[in-house]
Amino acid sequence: MARNEIIAMILAGGQGSRLGVLTKHLAKPAVPFGSRYRIIDFPLSNCINSGIETVGVLTQYQPLALNTYIGNGHPWDLDRNKGGAFILPPYQSSERSDWYTGTANAIFQNIEFIENCDPKHVLILSGDHIYKMNYAKMLRTHIREAADATIAVFEVPWEEASRFGLMNTDENDLVIDFEEKPAKPKSNLASMGVYIFTWDVLRRYLVEDERNLKSNHDFGKNIIPRMLQDQAKLTAYRFCGYWKDVGTISSLWESNMDILDRPEELNFRDRDWRIYSKNPVKPAHYIAKNASVINSALTDGCSIYGTVEHSVLSNSVTVEKGAIVKDSILMPGVTVQEGALLDKCIVGFETIIGRNVKAGASVKGKSRFTSPYCQDQITVFERGLKVRDKVEIPGNCMVEIGDDGESNELIEYTFRVR
Amino acid sequence: MFINAMGLILADHRKINLGDLSRPRALAAIPFGGRYRIIDFMLSNMVNSGISQIGVIALSKYKSLMDHVGTGSSWDLDRKQPGLNLLPPYINTANVDRGGEADDLNGLLDFFRAYPHKYVIVADSNVIFNATFDEFVSKHEESGADISVMYNRDSTRYGSPSMILNLDRRGYLRDMMMDPPKPSATRCSLGIAVLDRELLIDLVSESIARGDRDFSIDGLMKLYKQYRVRGIEYKGKVLRINSIPTYFASTMQLLDDAFRNELFGSDLPVYTKVKDEAPTLYGEGNTVSNSVISDGCLITGEVTDSMLFRGVTISKHAIVRSCIIMQDVFVSEGVELENVILDKNCVIRPGIKLVGQQDYPVVIGKGAIV
């Protein structure tokens, strides 16, 4: 096989615990996003649109949904004879068998896969960011600068800078220092978690890092600082455009709403940079007489008889007569029954919101379902629930199945979701 | 499932003409129902019946049909042994001078001989329903007929052209009439037949020997004097497309909940080519009522009782009533449309008003700028 210029490795094994029940049954990259998509569609589509046709997807936490979603990579044109999409779970070998203990360790454990592809460069991506980016341009910078590593950075507002891992650079955009969430930021260039490494260099550092028992085996915490210490050439690649980490309930909600409020930024209608996704095989959606759909995004298989306002609906959602859905995100197959009101809610796969339920930001009161993961009055429902008729659920709640049994004061019954 | 049959879809029909809609493409490739083409329904019915070898035969203008079905991967027909066989008319120096009416029949014979299946299901492309052929084939098998044809009886007016069948008490075909002035029966052919593959090879070979250049379901049925041709009733809901008015009326049927549920609500999926469009965005101040809308649209105007295909833009203050608007059409500000069919890629400039009648909708051809 001819030598690959570059291959991509997507780190998709993280649990995303801050998303609570949304990632109880599936890994974060498989979480639905933006009506038609899942989070991992963004790095996968960016890869194929950038001409990168060998993509390893490293899975670990709840991999079933992600594995079946990616399949042979066909929806992204990654069903190639040469290259394609590869699911790379942790494995057992004669010397050792280990879970992936960190981002760097995950790549270390797949050195053999990468060697088989024999690339000059390796692109490391994470499966939890929403953005459209041409990695080929970044690779050109990396080659032109003859860098050992190129790190994509994004200018964030100074007041928010301390929430990110920041790159301090010199006037030539060479990285001189890296700080993880510093109290007093010296730079506002946040690392996007997108790295291009020259493979020979990265390989050396991965092997060395693996021998260091004190290491967390993490790119941000160990590999990058170690390279800086050795005065390796690290270049910052400035990215302008839309980029968002969707690691929390609030940021997931905000990013979905950005599709409605700032449609020109992610611009899904741009045919030169399509985001591909697996097709649900459903008919076009239907808006009934007397229904109202304002400022919202909808996709195939939806049937709307009620009111939908400023919301993002995935495929096959039904909103019955008299129901009101406002500022909400409904995942595939959700049913909102007659007279229900959802205000700032995120509802998991196929959950049925009972008649006259009132939930979310506009409901006053306290609930034992209040969760520290839910902020900004957002209420989240686990998948596969039938929520009892007429219950009232305030904001900041996480409605889920208890450990004790399947039903409780909010949940009438639960069912299996495929 | 697991019926021992192969499929053949006739993508054109010599007697059916949909004017501007069929001018650039075969009948089977006419867009229908928001995200589909007419052929998707028959292909899906066959695939859902477990048929994995399907031939599609076109007379002419098959480019858009080929673009659409491609390798057949959307129907899981991209197989090692070809699942989808596009059988275009075979033109060579020997037949090109025969007025372009190519002899598709030789290619057809090769296709029938290439596979070992017991039966062939042959289908026209002007009916839309969602069902498997399991029952059809098993009834054919039980009856001992040579050829079985499917019909339904949901109306006395089927539009033109339609083939009315006259069956005897045991279901055998006794007479058939195209658009009879005074229909004595209400059984209308659905243009679907099942017969032994061996018998079909004989029939086609005879046609070639006789110098016939045509192959049609009606032609098969006309053999009722020599062979036992039996009718089998289909009781589900059917849409028939044989003219612009029936195309328009059939589309409007899809706005009916009960009808849509029967066509799409079962566990038999209707497959089509995937387009990876964006989700549809609804702006502020739009009003959409009783309409089917596909992905990738941008709607800021008013849409009532209409069918929108993928990637349609309806601008502010535009009013769309009882219209069929195909892929990537751009409707500018202040436009008023009623009973209009807009083919793909049309652009309607600001302020234009187009009004058709329900029985006679205005049709704007592909890519027109109005």
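Quick check on segment A:321-328. Is at least one of its residues open to solvent by 10 Å² or more (accessible area, probe 1.4 Å) and under 28 Å from residue B:44 (Cβ atoms)? Looking for residues that are open to solvent by 10 Å² or more (accessible area, probe 1.4 Å) and under 28 Å from residue B:44 (Cβ atoms), one finds none in segment A:321-328, hence no. Assessment of segment A:227-241 against the conditions (over 26 Å from residue A:118 (Cα atoms), of a type in the set (D, E, K, R) and not in a helix (DSSP H, G or I)) yields at least one matching residue. The condition (being more than 14 Å from every other protein chain (Cβ to nearest Cβ) and within 25 Å of the chain's Cα centre (by Cα)) is satisfied by just one residue among A:250, A:314: A:250.
In this structure, residue A:214 does not satisfy being more than 27 Å from residue A:68 (Cα to Cα), part of a helix (DSSP H, G or I), open to solvent by 40 Å² or more (accessible area, probe 1.4 Å) and away from every other protein chain (no Cβ under 14 Å).
The set of residues from segment B:299-331 being without any contact (Cβ under 8 Å) to a residue 60 or more places away in the chain, open to solvent by less than 10 Å² (accessible area, probe 1.4 Å) and either more than 12 Å from every other protein chain (Cβ to nearest Cβ) or in a strand (DSSP E or B) (or both) comprises B:299, B:301, B:303, B:314, B:318, B:320, B:323, B:325, B:329, B:331.
Filtered by the rule that a residue be among the small types (Gly, Ala, Ser), surrounded by fewer than 20 Cβ atoms within 10 Å (Cβ to Cβ) and either within 14 Å of chain A (Cβ to nearest Cβ) or touching a helix residue (DSSP H, G or I) at 6+ places or on another chain (Cβ under 9 Å) (or both), segment B:228-287 gives B:236, B:243, B:258, B:265, B:266, B:283, B:285. The residues listed here are A:286, A:305; of these, the one that is within 12 Å of chain B (Cβ to nearest Cβ) and open to solvent by 50 Å² or more (accessible area, probe 1.4 Å) is A:305. The set of residues in segment B:346-370 being open to solvent by 70 Å² or more (accessible area, probe 1.4 Å), in a loop (DSSP other than H, G, I, E, B) and free of Cβ contacts under 8 Å to residues at least 40 places away in the same chain consists of B:349, B:350. Against the condition in a loop (DSSP other than H, G, I, E, B), open to solvent by 10 Å² or more (accessible area, probe 1.4 Å), out of contact with any helix residue (DSSP H, G or I) (no Cβ under 7 Å at 6 or more places or on another chain) and in contact (Cβ under 8 Å) with a residue 24 or more places away in the chain, how does residue A:332 come out, does it pass? Spelling it out, residue A:332 is indeed in a loop (DSSP other than H, G, I, E, B), open to solvent by 10 Å² or more (accessible area, probe 1.4 Å), out of contact with any helix residue (DSSP H, G or I) (no Cβ under 7 Å at 6 or more places or on another chain) and in contact (Cβ under 8 Å) with a residue 24 or more places away in the chain.
Among the residues in segment A:188-205, are any aliphatic (A, V, I, L, M), in contact (Cβ under 8 Å) with a residue 12 or more places away in the chain, under 30 Å from residue A:271 (Cβ atoms) and open to solvent by 20 Å² or more (accessible area, probe 1.4 Å)? No; the residues of segment A:188-205 include none that is aliphatic (A, V, I, L, M), in contact (Cβ under 8 Å) with a residue 12 or more places away in the chain, under 30 Å from residue A:271 (Cβ atoms) and open to solvent by 20 Å² or more (accessible area, probe 1.4 Å). Number of residues in segment B:199-249 that are among the basic types (Lys, Arg) and part of a loop (DSSP other than H, G, I, E, B): the value is 4. Pairing residues of segment A:371-391 that are without any contact (Cβ under 8 Å) to a residue 12 or more places away in the chain with residues that are assigned to a loop (DSSP other than H, G, I, E, B), at Cβ distances under 7 Å and at least 6 apart in sequence or on separate chains, gives no pairs at all. Picking from residues in segment A:185-214 that are closer than 18 Å to residue A:240 by Cβ and hydroxyl-bearing (Ser, Thr, Tyr), the one that is modelled with the lowest pLDDT is A:187.
Candidates B:64, B:73: the one that is of a type in the set (Gly, Ala, Ser), touching a helix residue (DSSP H, G or I) at 6+ places or on another chain (Cβ under 8 Å) and under 14 Å from residue B:270 (Cα atoms) is B:73. When A:354, A:365 are checked against the criterion of being at pLDDT 95 or above, among the small types (Gly, Ala, Ser) and either closer than 23 Å to residue A:327 by Cβ or crowded, with 18+ Cβ neighbours inside 10 Å (or both), A:354 stands alone in meeting it. Inside segment A:378-412, can you point out the residues that are within 24 Å of the chain's Cα centre (by Cα) and of a type outside the set (A, V, I, L, M)? The answer is A:379, A:381, A:382, A:383, A:384, A:395, A:396, A:397, A:400. If only residues of segment A:130-177 that are over 26 Å from residue A:199 (Cβ atoms) and in contact (Cβ under 8 Å) with a residue 60 or more places away in the chain are counted, the one that is surrounded by the fewest Cβ atoms within 10 Å (Cβ to Cβ) is A:155.
Taking segment A:80-178 as the region of interest, the helices (runs of 4 or more DSSP H) fully inside it that hold 3 or more residues being touching a helix residue (DSSP H, G or I) at 6+ places or on another chain (Cβ under 9 Å) are A:103-108, A:111-117. Being surrounded by 24 or more Cβ atoms within 10 Å (Cβ to Cβ) and under 13 Å from the mean Cα position of the chain (by Cα) is the requirement here; does residue B:10 meet it? Here the answer is yes, as residue B:10 does meet what is asked.
Here's the yes/no breakdown for (1) of a type in the set (Asp, Glu); (2) crowded, with 24+ Cβ neighbours inside 10 Å; (3) modelled with pLDDT under 90; (4) assigned to a loop (DSSP other than H, G, I, E, B):
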position	(1), (2), (3), (4)
B:3	no, no, yes, yes
B:16	no, no, yes, yes
B:34	no, yes, no, yes
B:50	no, no, no, yes
B:56	no, yes, no, no
B:60	no, no, yes, yes
B:68	no, no, no, no
B:80	no, no, yes, yes
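For segment A:273-283, the set of residues classified as more than 7 Å from every other protein chain (Cβ to nearest Cβ) and closer than 30 Å to residue B:322 by Cα consists of A:280, A:282, listed by residue number. Put simply, of A:261, A:270, A:245 the only residue that is away from every other protein chain (no Cβ under 14 Å) and open to solvent by 40 Å² or more (accessible area, probe 1.4 Å) is A:245.
Of the set (1) over 20 Å from residue A:287 (Cα atoms); (2) modelled with pLDDT of 95 or more, all apply to residue B:357 but (2). Among the conditions (1) without any contact (Cβ under 8 Å) to a residue 60 or more places away in the chain; (2) closer than 19 Å to residue A:207 by Cα; (3) buried (at least 21 other Cβ atoms within 10 Å of the Cβ), residue A:113 misses just one, which is (3).
The number of residues in segment A:1-38 being open to solvent by 10 Å² or more (accessible area, probe 1.4 Å), assigned to a loop (DSSP other than H, G, I, E, B) and small (Gly, Ala, Ser) comes to 4.
The criterion of being touching a residue at least 12 places away in the same chain (Cβ under 8 Å) and part of a loop (DSSP other than H, G, I, E, B) holds for residue A:51.
Can you spot a residue in segment B:296-304 that is closer than 21 Å to residue B:339 by Cα and assigned by TED's automatic domain parsing to the domain that holds residue B:157? For segment B:296-304, residues closer than 21 Å to residue B:339 by Cα and assigned by TED's automatic domain parsing to the domain that holds residue B:157: absent.
The values are calculated or read from the model by the stated rules, or taken from the named source; none is laboratory data. Note that the structure is predicted; figures quoted are calculated from it, not measured. Here the Cβ is made from the backbone with ideal geometry for all residues, glycine too, and neighbour counts use every protein chain on show. For accessibility, only protein heavy atoms count, side chains too; no ligands or nucleic acids. Shrake-Rupley method; radii C 1.70, N 1.55, O 1.52, S 1.80 Å.
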